[in-house]
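The values are calculated or read from the model by the stated rules, or taken from the named source; none is laboratory data. The structure displayed is predicted, hence computed values, not measured ones. Virtual Cβ from ideal backbone geometry, glycine too; neighbours counted across all protein chains shown. These accessible areas exclude ligands, DNA and RNA; they are computed on the full protein's heavy atoms, side chains included. Shrake-Rupley method; radii C 1.70, N 1.55, O 1.52, S 1.80 Å.
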Amino acid sequence: VSVSRAIKPFAEPGRPPDWFSQKHCASQYSELLETTETPKRKRGEKGEVVETVEDVIVRKLTAERVEELKKIIKETQEKYRQLKKDAELIQAGHMDSRLEELCNEIMMWVAELF
């Protein structure tokens, strides 16, 4: 229960209503445990920290999320450059015939952000 409640504020748009149910969270966690290799125990000194399955999962999911965020940032930067270029062309008077179309594109893009 606590996990499903704790992660609910971080929901991505478009998730089904039952996405954060206890049952769904438990099944997702079970799937992660099944698909993650169990780290081999190493012999070492007594104070040595041994990596757990949970550590492996956290590292894997963190890396995946970092890659997702990098992709989103790259796409946003590309869109910004295009909008900036379009704004310069509009100010120079070269896009008067496409103003309405560009306005609609911008409105759709802004709606996607929010």
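Can you find, within the stretch 27-53, the residue that is nearest to residue 112 (Cα to Cα) among those that are modelled with pLDDT under 85 and open to solvent by less than 60 Å² (accessible area, probe 1.4 Å)?
36
Would you point out the residue of the stretch 10-26, among those that are in a loop (DSSP other than H, G, I, E, B) and either open to solvent by less than 60 Å² (accessible area, probe 1.4 Å) or assigned by the TED database to the domain that holds residue 59 (or both), that is modelled with the highest pLDDT?
21
Within the stretch 98-112, how many residues turn out to be open to solvent by 100 Å² or more (accessible area, probe 1.4 Å) and within 22 Å of the chain's Cα centre (by Cα)?
Here the count works out to 2.
If you take the residues in the stretch 54-97 that are touching a residue at least 12 places away in the same chain (Cβ under 8 Å) and acidic (Asp, Glu), which one is surrounded by the fewest Cβ atoms within 10 Å (Cβ to Cβ)?
For the stretch 54-97, the residue satisfying everything is 55.
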